[in-house]
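To start, the structure under review is shown below, and the notes come after it.
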Amino acid sequence: MPGQLALPERVDVINIGLPMFADAVAAQGSPVQQVDWRIPAGGDTSLVAALARLYGTAADEVDAANAEVLRRLDQGVPWLVGVARADEVVPGMDGNTLLHCGPAIEWPQVCDPLRRSMGAAVVAEGWAADTAQAHRLLESGTVGLAPANHHDTVVPMASAIGPSAPVWVVDCPDGGTRAFAPISQGPGEVPWFGRDTDAAIERLRFLRDVAGPALRQVVDQAGSLDILGLAAQGVAMGDDLHMRTQATTNLLIRNWLPHLAELPAPSRTELARFLSGNHLFFLTLAMGAARSLTAWAGQVPGSSIVTTMSRNGTTFGIRLPGSDAWYVTDAPPVADALYYSGYGPDDAAPDIGDSAVLELVGLGGPAAGGSPAVAAFLGGTMADGAAATEGFRQICASRSSRFTLPPLGFSGTPLGVDVRQVVELGVTPTVNTGILHARSGAGQVGAGVATAPLACFVDALLELARAR
Amino acid sequence: MTTSLRLHTDTYLDSVVQLSGTRAMREVDGVQWAAAAMATPANLETLAGEGFGSEQWQGAGANDLFIAIRGDSEDVIEQAVTAAERAMFAPRGGDEPGQGSTEQPARTLRDALQRAPDSNVAVISVPGDYAALEAHKALTAGLDVLLFSDNVPRSAEVELKQRAERLGRLVMGPGAGTAMLGGTCLGFANVTSPGPVAVVAAAGTGAQEAMSLLDRWGVGVSHVIGLGGRDLSREVGGPMARTALAALAADERTELILLVSKPPDPDVARAVLSAAAGTPVVASLIGLDSGLDVPAGVTQAATLETGVVEALTAMGRAAPDTAAGLADRVREVCEELPGRRTLVRGLYSGGTLCYESLVILSRMLGSVYSNTPIEAGTGLPAPDGSHLCLDLGEEEYTQGRPHPMIDPEARIELLRQQGDDPDVAAIILDVVLGYGAHPDPAAELAPVCAQISADGGPRVVTYVLGTEQDPQGFAAQRKAFSDAGCVVTETAARASLAAAAIALRDPELAGTAL
């Protein structure tokens, strides 16, 4: 049934191409916007055809699915409801498996920092006496590996967690989803930075034996916490919630202070000491909250909005809603890096960790324009932060109504990375991240900006177009 | 011999601007080969074929501009680069759309829509490979589309138009250069007074001739809708013509619809014309030999001129005598012209005007050869002593140079060349005015016309297509050609008749009823 065309009474023109046509419209006094057009998708004809389908005949279906995905990412309210040992709560967490960051990987391909982290976890679990024995167990398959994302869990940097690791339990009641993330290990000699010293292993035991039970008591007493409600306040105070969680961490500790005070000695002081030295404490809480949203959004089929983005130091992978299929390519190097003195690009391991889930819900890079600390890291002026936000604006389908950026006119942070826009513009998400030593176990040696590789977005786009 | 390849990263230039850079380089003495173009996969292949090494463009992509030169020396290369950069990057007046905006221009349709959410029409002139994508995005956003781009595959056209028809939207094109909606000219179009006749045209200059005549003859125009040359073919099936006619039938301002096209597929034409639902239609089907079987209320005509005359007649208005004084003017010319000059040359910038000229000339003169022949066996190269009519807007003449309506340079070259041919009697020039066209074509062309027709040279028959309200001014342009000794006609069709009359030394032919 054809629609009835109504001839316009007046025209308001968008001109894509020869500027002379815009000049002619302007000369007649009609409004016109000139598009400073660029060749889409690098001029690749098969991608242009896929884009024409997904922006054309399939646009209504894709846009409808996207609207629902965006609603879930924006409107879902994740609650911290508890702290528990992973094997108490994480589905499918069996007795001899480690959950690791990124897409699935076999031991021979695991990068050095993640191997060290895995070894430390195996020792902390009590499965091996030392890391050498731990590596043998991992190599033989006696200890298995599974992507944390396959178990509703997200882990930062080079993390690997065993069954005894304490995790945040995050519920999103709007969608009936539940997600998990480990308690942040803090700075220094810690496995999530690829260290496997005795002190690093001891940190895992501390989390399991001291911090976990203490935080469990605090959360039980304090009651459920609206994680992103707190994060939204932190964004207004200069956190991006990925590189900087300072403000939100402080807000959390203030909220919990009465319950922290009620903890029994000596764990009260030990936890207090741990919290006071852990400026990224809120990071994994935000990640768990983001994961509970992407779990809900990820149930909508036919959408072009990315709901998993994750790296294991060897590969980089994304997933689209409605499918378990990963689109995987090599993990990118971390560029624009600042190195600690004595280290350089030769020492740098590739980009790693599940924390990029934050960039999918409007935090991290999308919030850089509101964060003086991140802007300072990116180049020194607030304009550098705004540029990072603008980069996401180009590839995101919407704006967050939850996170707003005071320096950018209180505009919402870009929300919902759309593979169509990514492939069309050839612009991929950028993630501000730490850099780990590639070989020595020295831990963090710098920080920089990892630019997601285009190839996996291209594969996802082609598959989405093929399915239409 | 030496080669050089320079990259300007993240710099997109329209193809006409790239071509101006390429031309500037090739005009430098000692340049053997040069190109300024985007580093698309296809263009990089061309570079490889020209002997450039891939290490020279490492990392370059489709939005990086390259300037590649093979020349005799480093000096030559430096000169060529300077020339190209001047041609492509020198500031140009009046190029900034909008009023004094200092913000960054939008990079995508989506960006532009966020800035101007009330937008309702997209004009798209990007390269054909990418045009369907932009048009789909515009349709998705609820915009009507004028698709100027060429080289859009037919399958993509069908998909776009079927979708547009479902949505109740227009996709005018591909290859549609002319429209007028809501009183605003889009693309190449002439400024007309409002009036009761709507023009629906398969091609640009057909629409421009119809709208200009309607204005000059005092009727005025309600809307002009372009269709693209393939819309009325069997394969495409006329979806936009159907949509346009139905919308115009429902439009209060429109009392009559003038449809302009080459002869369409008869079944498609019948189906399309019935969409007019009782609103009178004049179908100007250029070169139609015998009438089509059409619904009641449809009048058929075989030239652009007669189509507009029929429209006036249907509305009870008198049409002017388009041949007034023309035979006398032709007689003067014939008396001065050396006897051996018997051939006609059409040097057209407008495709539909060229097509109509081929139809008229071949009826008067027999075979007329062309790069766009209307009958088999009359393609190029033409045998010696034959008549010739060229569409200089076709790709083979616009490779490496702008369209002759925008820049007369290529046409001037051919005009001089034909002026030197001792057997040529008459050269036909169409001079298209309006938005999009050269700001003062007479200033470039008329002096050349005067030169070549001096001392027993061939005569130039000129038709100026335009209206008094066009930026160039109709009367002033006509006067410049008259003063240069050209025969200036009232319609495009009359120019062909006058040229044939000169060639045959039969002045009365110029007044032939069409």
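Is there a residue being closer than 22 Å to A:A26 by Cβ and buried (at least 24 other Cβ atoms within 10 Å of the Cβ) anywhere in the range B:192-201?
Among the residues of the range B:192-201, at least one is closer than 22 Å to A:A26 by Cβ and buried (at least 24 other Cβ atoms within 10 Å of the Cβ), which makes the answer yes.
For (1) part of a helix (DSSP H, G or I); (2) more than 18 Å from B:R329 (Cβ to Cβ); (3) among the small types (G, A, S), each residue gets a yes or a no:
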site: B:P439; (1), (2), (3): no, yes, no
site: B:Q451; (1), (2), (3): yes, yes, no
site: B:D470; (1), (2), (3): no, yes, no
site: B:S482; (1), (2), (3): yes, no, yes
site: B:I502; (1), (2), (3): yes, no, no
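Please state which one of A:T248, A:T269, A:T284 is more than 25 Å from A:I318 (Cβ to Cβ), at pLDDT 95 or above and crowded, with 24+ Cβ neighbours inside 10 Å.
Only one candidate passes the filter, namely A:T248.
Sort out which residues of the range A:393-410 are of a type in the set (G, A, S), modelled with pLDDT of 95 or more and farther than 15 Å from A:D239 by Cβ, and write them in order of number.
Going residue by residue through the range A:393-410, those that are of a type in the set (G, A, S) are A:397-398, A:400-401, A:409.
Among the residues that remain, those that are also modelled with pLDDT of 95 or more are: A:397-398, A:400-401.
Matches in the range A:393-410: A:A397, A:S398, A:S401.
Out of the range B:1-34, which residues are more than 25 Å from B:G128 (Cα to Cα) and part of a loop (DSSP other than H, G, I, E, B)?
If the condition is that a residue be more than 25 Å from B:G128 (Cα to Cα) and part of a loop (DSSP other than H, G, I, E, B), then B:M1, B:E27, B:V28, B:D29, B:G30 are the ones that fit.
With the requirement that a residue be aliphatic (A, V, I, L, M), assigned to a helix (DSSP H, G or I) and in contact with a helix residue (DSSP H, G or I) (Cβ under 7 Å, 6 or more places away or on another chain), what does the range A:216-255 give you?
Residues satisfying the conditions are A:V218, A:A222, A:I227, A:L228, A:L230, A:A231, A:V235, A:A236, A:A247, A:L251, A:L252, A:I253.
Could you tell me whether B:A156 is more than 7 Å from every other protein chain (Cβ to nearest Cβ), surrounded by 24 or more Cβ atoms within 10 Å (Cβ to Cβ) and not hydroxyl-bearing (S, T, Y)? Let's see the steps before the verdict.
Details: more than 7 Å from every other protein chain (Cβ to nearest Cβ): yes; surrounded by 24 or more Cβ atoms within 10 Å (Cβ to Cβ): no; not hydroxyl-bearing (S, T, Y): yes.
No, not satisfied.
I'm told B:D293 meets every condition in (1) within 14 Å of another protein chain (Cβ to nearest Cβ); (2) outside any helix (DSSP H, G or I); (3) surrounded by fewer than 17 Cβ atoms within 10 Å (Cβ to Cβ) except one. Can you identify the failing condition by its number?
So B:D293 meets the others, but not (1).
Take B:V268 and tell me if it is assigned by TED's automatic domain parsing to the domain that holds B:S290 and either in contact with an Asp or Glu (Cβ under 9 Å, 6 or more places away or on another chain) or part of a strand (DSSP E or B) (or both).
For B:V268, the condition - assigned by TED's automatic domain parsing to the domain that holds B:S290 and either in contact with an Asp or Glu (Cβ under 9 Å, 6 or more places away or on another chain) or part of a strand (DSSP E or B) (or both) - is met.
Looking only at the range A:256-265, how many residues end up being outside any helix (DSSP H, G or I) and either surrounded by fewer than 14 Cβ atoms within 10 Å (Cβ to Cβ) or modelled with pLDDT under 95 (or both)?
Counting residues in the range A:256-265 that are outside any helix (DSSP H, G or I) and either surrounded by fewer than 14 Cβ atoms within 10 Å (Cβ to Cβ) or modelled with pLDDT under 95 (or both) gives 3.
Being assigned by TED's automatic domain parsing to the domain that holds B:Y348 and part of a helix (DSSP H, G or I) is the requirement here; does B:A475 meet it? Spell out the reasoning first.
Working: assigned by TED's automatic domain parsing to the domain that holds B:Y348: yes; part of a helix (DSSP H, G or I): yes.
Yes.
What is the residue count in the range B:348-363 for residues that are touching a helix residue (DSSP H, G or I) at 6+ places or on another chain (Cβ under 7 Å), modelled with pLDDT of 95 or more and surrounded by fewer than 24 Cβ atoms within 10 Å (Cβ to Cβ)?
Residues that pass the stated criteria total 0.
Give the range B:170-186 a look and list any residue that's more than 20 Å from the chain's Cα centre (by Cα), surrounded by fewer than 24 Cβ atoms within 10 Å (Cβ to Cβ) and within 7 Å of another protein chain (Cβ to nearest Cβ), or say none. Working first, answer last.
Step one: list which residues in the range B:170-186 are more than 20 Å from the chain's Cα centre (by Cα), which gives B:170, B:182-183.
Restricting the remaining residues to those that are surrounded by fewer than 24 Cβ atoms within 10 Å (Cβ to Cβ) gives B:182-183.
Selection gives B:G182 alone.
B:R345 fails exactly one of the following numbered conditions: (1) within 21 Å of the chain's Cα centre (by Cα); (2) surrounded by fewer than 18 Cβ atoms within 10 Å (Cβ to Cβ); (3) among the charged types (D, E, K, R). What is the number of that condition?
(2) is the only condition that B:R345 fails.
Of all residues in the range B:310-330, how many are touching a residue at least 40 places away in the same chain (Cβ under 8 Å), under 27 Å from the mean Cα position of the chain (by Cα) and in a helix (DSSP H, G or I)?
3
Tell me the residue from A:T413, A:T329 that is in a strand (DSSP E or B), of a type in the set (S, T, Y) and either at pLDDT below 95 or touching a Gly at 6+ places or on another chain (Cβ under 6 Å) (or both), please.
That would be A:T413, the only listed residue that is in a strand (DSSP E or B), of a type in the set (S, T, Y) and either at pLDDT below 95 or touching a Gly at 6+ places or on another chain (Cβ under 6 Å) (or both).
Within the range A:98-146, which residues are part of a helix (DSSP H, G or I) and touching a His at 6+ places or on another chain (Cβ under 6 Å)?
Looking only at the range A:98-146, we keep the residues that are part of a helix (DSSP H, G or I), and these are A:107-109, A:112-124, A:131-140.
If the condition is that a residue be part of a helix (DSSP H, G or I) and touching a His at 6+ places or on another chain (Cβ under 6 Å), then A:G119 is the only one that fits.
How many residues does the range B:89-114 hold that are modelled with pLDDT of 85 or more and either among the aliphatic types (A, V, I, L, M) or in a helix (DSSP H, G or I) (or both)?
Summing the residues that are modelled with pLDDT of 85 or more and either among the aliphatic types (A, V, I, L, M) or in a helix (DSSP H, G or I) (or both) in the range B:89-114 gives 7.
Quick check on B:D420: is it of a type in the set (D, E) and within 14 Å of chain A (Cβ to nearest Cβ)?
Spelling it out, it is not the case that B:D420 is of a type in the set (D, E) and within 14 Å of chain A (Cβ to nearest Cβ).
Quick one: which residue in B:A382, B:A425 is free of Cβ contacts under 8 Å to residues at least 24 places away in the same chain, of a type outside the set (D, E) and farther than 15 Å from B:L353 by Cα?
That would be B:A382, the only listed residue that is free of Cβ contacts under 8 Å to residues at least 24 places away in the same chain, of a type outside the set (D, E) and farther than 15 Å from B:L353 by Cα.
If the requirement is being under 14 Å from A:A160 (Cα atoms), within 19 Å of the chain's Cα centre (by Cα) and away from every other protein chain (no Cβ under 14 Å), which of these qualifies: A:P113, A:P78, A:P103?
Values: A:P113 fails: within 19 Å of the chain's Cα centre (by Cα); A:P78 fails: under 14 Å from A:A160 (Cα atoms).
Just a single option satisfies the conditions, and that option is A:P103.
Taking the range A:416-468, which residues are farther than 30 Å from A:D60 by Cα, in contact with a Phe, Trp or Tyr (Cβ under 7 Å, 6 or more places away or on another chain) and part of a loop (DSSP other than H, G, I, E, B)?
A:G443
Test B:P105 against the criterion of being more than 19 Å from B:G434 (Cα to Cα), touching a residue at least 40 places away in the same chain (Cβ under 8 Å) and within 9 Å of chain A (Cβ to nearest Cβ), and give yes or no.
Against the criterion (more than 19 Å from B:G434 (Cα to Cα), touching a residue at least 40 places away in the same chain (Cβ under 8 Å) and within 9 Å of chain A (Cβ to nearest Cβ)), B:P105 does not qualify.
Name the one entry in A:A41, A:A49, A:A24 that is part of a helix (DSSP H, G or I), facing chain B (nearest Cβ under 9 Å) and in contact with a Cys (Cβ under 9 Å, 6 or more places away or on another chain). Break it down stepwise before answering.
Details: A:A41 fails: in contact with a Cys (Cβ under 9 Å, 6 or more places away or on another chain); A:A49 fails: in contact with a Cys (Cβ under 9 Å, 6 or more places away or on another chain).
Selected residue: A:A24, the only one of A:A41, A:A49, A:A24 that is part of a helix (DSSP H, G or I), facing chain B (nearest Cβ under 9 Å) and in contact with a Cys (Cβ under 9 Å, 6 or more places away or on another chain).
I'm trying to understand the selection: among the residues of the range B:188-204, which are modelled with pLDDT of 95 or more and outside any loop (DSSP other than H, G, I, E, B)?
B:A189, B:P194, B:G195, B:P196, B:V197, B:A198, B:V199, B:V200, B:A201
Which is facing chain B (nearest Cβ under 7 Å), crowded, with 19+ Cβ neighbours inside 10 Å and over 14 Å from B:A179 (Cβ atoms), of A:D36, A:D12?
Result: A:D12 is the single residue among A:D36, A:D12 that is facing chain B (nearest Cβ under 7 Å), crowded, with 19+ Cβ neighbours inside 10 Å and over 14 Å from B:A179 (Cβ atoms).
Could you list, in sequence order, all residues of the range A:355-383 that are part of a loop (DSSP other than H, G, I, E, B) and buried (at least 24 other Cβ atoms within 10 Å of the Cβ)?
Within the range A:355-383, A:V361, A:G362, A:L363, A:G364, A:S371 meet the criteria.
In the list B:S284, B:S261, B:S233, which residue meets the criterion of being under 24 Å from the mean Cα position of the chain (by Cα) and closer than 23 Å to B:R166 by Cα? First the steps, then the outcome.
Working: B:S284 fails: closer than 23 Å to B:R166 by Cα; B:S261 fails: closer than 23 Å to B:R166 by Cα.
Answer to the selection: B:S233.
Just for the range B:29-42: of the residues that are at pLDDT 85 or above and surrounded by fewer than 21 Cβ atoms within 10 Å (Cβ to Cβ), which one is farthest from B:E409 (Cα to Cα)?
Here the residue is B:P41.
The values are calculated or read from the model by the stated rules, or taken from the named source; none is laboratory data. Owing to the predicted nature of the structure, the values given are computational and were not obtained by experimental measurement. FYI the Cβ positions are ideal-geometry reconstructions off the backbone, even for glycines, and counts take in every protein chain you see.
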